[in-house]
Each structure stands twice: as structure tokens, then as C-alpha cells.
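Written below as C-alpha cells is the structure these notes are about.
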Amino acid sequence: MQNLLGILVNCMFSIERVLMGVIMAIIAGIFIGLIRSILPYKIKSNKIIKFLFEAPKFPPPIAWIPFVILIFGIGELSAWIIVFIGAFSPVFTNTYEGAESVPLVIKNTACSMEIQGYKYLWLIILPASLPQIFTGIRIGLSVGWMAVIAAEMISGQTGLGYSIQLNRLNLQYDLMTLDMILIGLIGFLLFEGLIYLERIILPWSERTII
Amino acid sequence: MIEFCNLSHRYDEKGGYVIKDISFIVEKGSFVGLTGPSGSGKSTLASIAAGHILPSSGKVIVDGKNLTGRPSKEIFLVHQSTDLFPWQTVEKQILFALGKKDFQKVDNLIKLVRLSGYENYYPNQLSGGMQKRLSLARALAVNPKLLILDESFNSLDSKLKIELFQELKKIWGIIMTTILLITHDSEDLEYLVQKEIKLTSQKPSQILELKKR
């Protein structure tokens, strides 16, 4: 019974961390992605600006763990930030790509309706980019889930990643296997939940997910 | 009155002109046709008129106001391909174009284009003909001084196209918006327009003839 409660608590900690990090990544990724898309072409195509936007996404989230612990210490905030680092890039990149690939006829029609400024971003570019933004969120959630488990394995006091390490040290291979199954199951359920949410938010999207 | 004054355009500084020195006037409330073979610069002219392209030279003047290169509600272009917002329902597309919550007007426009009962449908749930009718209703909601239909019905089969042209004429008879209908087939304009502007096939395109019907 105590074991079961412990497993449940660890699951809840891991889920809470991944959701917090991913939500932060969604907000920041969409905002910065949209802002980048409306920059003048001269600035957008500048190599230094491009480098500043693109380079930080190449180090994997695990490589950031020592830096994050050094700056924020061991705790919830560090876990959120590690998930954020993993989830941000896919959301940001897909938002930017989605905004850039909005058909010209839609942009022109909006201009003819005199939709400008923040309204143009909020009412035209954002909804038009949503299917691709959701692709980014799906990838971000998967990366974030992997990142939080890795972070817990290295520096956690709770969570499924920490539980795997603890069970390995205690030679409790049955519980270690259970942790692995739970990581797979929860990851799958989070992914399915997101697809369900996408169907509710984007009933007009032509994309069919099997 | 909408004046197109000496419009010339080339997409590349080193390239040749697509259209050269095109001038004509569209009177208020008239129904004008613009024809010409494929590649004669009809769509370029439509984009220039709507302010989406800045011409290499020339002006677009609406009631004395120079609107060259400035997209506005004064001249609204319905494109060849679908330009509907996929995330908005039929009702919301028209409400959005209206810019105010005038549900009576939305209802009237939906009735006018015979889309009653489809208010909550998304564009991808409508047939090609219905999508074109919705584009038309949305354009009418904007209430432009000139409505340009750039081969808007050409992707449809000929029977549906004729049906929509007849509907368009009926709608024009009711609301009397100034319409510039662009098509590559001069026959489409039979009994439909009051004036036909024909572009030449050679490059750069120029006005071949101006026919009054």
C-alpha cells in the first residue's frame, strides 16, 4: 500500500513538472515565434539574428542540467526550467514556420480588411498557424517528458526518474520495471490528451491523426 | 469612380514588363469585365488594383483618392484560390468582414448567397460552389467601392459557373456594387457586363479593345 502511494506521488510530481515546463514553453514559444515572424525581412535574414534564434536549441536539455542546478539550485524551479528548455525549441520553431507559411491570399485578404498590428497577429497569423503550433507542442511535450525524467534521475528528490535510480540502488528491479512502464504509459496518455485537446480547439483543421 | 492611370509593372528590374501603360475607368455602380488570355497580366492588374502590389509606374485612384499600393476596404479582391479563413465558420467570416455585430446584416447576406442553414459550417465542410458564394458574401460585407472577382469561379465546372454568374448578376442588381469581373474567357461575360476591357496576348500586355455592351 505504501509502495503504491509512493509510486502515485512520484507520478504526480513528474506530471506536474512536465506540465508546468511545457505551459511555460508554449507561452514563450508562441510569443517569440510570432514576434520573429513579423520582423522586417532585413532583420530576419541577418546571420547574427538567425544564430541567436537557432543556436540555443542545439544543446540537448540534459546538457543544460548542470547549469540550471548551478543557477537555480535543486528544486521544482530547476525541473520546470529543464522541461522548458526541451519543449521551447519545437514550439518556437513550429510557431515561426507556421506563421511564415500562412498563404499569401489569406494575408492579402486580411490587409484588404484593414486588419493591422496586434490584431493581424492575434486574429489572422496565430489561428492560421495553430495546426503547426500543435505539432510543435506535441514534439515539445515528448521532449519535455524525456527531459524531466532525465533531470529527476540526476538531481531529483521525487518523481519517476528519481524512483528508477532509487530502485536500481536498492536492487528492486521489479519496481524499476514498473517505473519504466509508467513512464511509457503516462507519456502516451499525455500525448493522447493533447491530440484530444487539438480536436476540440481546432475542429476546422483538416489534419487527421491516427 | 475608379481610375486606373497608366499602370505598368515588371516583377524584376531587369525583366520585361507584364503590363504596360494600362488606363481605364470603372464608373460607380457598373459591372465591368476584364478579359485576356492566360499570362496577359490580369491577376497582376487585380493585385495592383487591390493594393497588394506596388506598380512600377501608374496610379489607382478611387474617388479622387490615390490608393496605389495601399490595401484598403475601398477595393476588395476575391482571389482565384480560396481566400476564406479556415478557422472561421460561415457566420463568423461575414461578421469578421463586417467588423461589427450586425446579425441582421449577416443573416441577409447569408440569404442573399443562399447559404442559410450552413451558418456554423467551416469552409472545408462546404462544396466548391458554396465556398465561392461565401467569398462573395464576405466581400459584400466589407462593402467596397470596387469588388474585383479574379477568375473566382473558374475552378468550378461550367454548369455551376454559369449558375453562379447568373446569381452574381442578380445580386449586383440588388446591391449595385461596382464589380470588375476578371476571366480569360470572353464568353463568360455574355449578357453579364456593361463594358468589356480586353488585354492583348503579347508581352507587355496592353488594352486591345474596350467594348460597350
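The residues listed here are A:TRP122, A:TRP145; of these, the one that is surrounded by 12 or more Cβ atoms within 10 Å (Cβ to Cβ) and without any contact (Cβ under 8 Å) to a residue 12 or more places away in the chain is A:TRP122. For segment B:90-107, enumerate the residues that are more than 14 Å from chain A (Cβ to nearest Cβ) and either in contact with a Cys (Cβ under 8 Å, 6 or more places away or on another chain) or outside any helix (DSSP H, G or I) (or both). Across segment B:90-107, the qualifying residues are B:LYS101, B:ASP102. For segment B:165-188, a residue qualifies if it is within 20 Å of B:SER40 (Cβ to Cβ), over 14 Å from the mean Cα position of the chain (by Cα) and touching a residue at least 40 places away in the same chain (Cβ under 8 Å), and the qualifying residues are B:ASP185, B:SER186, B:ASP188.
At least 2 residues being within 13 Å of chain A (Cβ to nearest Cβ), crowded, with 22+ Cβ neighbours inside 10 Å and touching a residue at least 60 places away in the same chain (Cβ under 8 Å) is the threshold, and among the strands (runs of 3 or more DSSP E) wholly inside segment B:15-89 those reaching it are B:75-78. Scanning segment A:184-210 for residues that are touching a residue at least 60 places away in the same chain (Cβ under 8 Å) and more than 14 Å from every other protein chain (Cβ to nearest Cβ) turns up A:ILE186, A:LEU190, A:LEU194. Evaluate segment A:164-179: report whether one residue or more is within 30 Å of B:ILE148 (Cβ to Cβ), part of a helix (DSSP H, G or I) and not acidic (Asp, Glu). Within segment A:164-179, not a single residue is within 30 Å of B:ILE148 (Cβ to Cβ), part of a helix (DSSP H, G or I) and not acidic (Asp, Glu). The number of residues in segment B:129-149 that are within 11 Å of B:GLN80 (Cα to Cα), buried (at least 23 other Cβ atoms within 10 Å of the Cβ) and within 13 Å of chain A (Cβ to nearest Cβ) comes to 1.
A:THR109 passes every criterion in (1) farther than 30 Å from B:LEU98 by Cβ; (2) of a type in the set (S, T, N, Q); (3) within 14 Å of another protein chain (Cβ to nearest Cβ) apart from (1). Annotation for segment A:93-110: no member residue is part of a helix (DSSP H, G or I), at pLDDT below 95 and under 16 Å from the mean Cα position of the chain (by Cα). Residues that are modelled with pLDDT of 90 or more, in contact with a helix residue (DSSP H, G or I) (Cβ under 8 Å, 6 or more places away or on another chain) and hydrophobic (A, V, I, L, M, F, W, C) are absent from segment B:159-173 altogether. Consider segment A:180-210 and keep the residues that are part of a helix (DSSP H, G or I) and of a type in the set (D, E, K, R). The one that is nearest to A:LEU130 (Cα to Cα) is A:GLU198.
The values are calculated or read from the model by the stated rules, or taken from the named source; none is laboratory data. Given the structure is predicted, the values throughout are model-derived calculations rather than measurements. Neighbour counts are summed over all protein chains in view; Cβ atoms, including those assigned to glycine, are modelled from backbone coordinates with ideal geometry.
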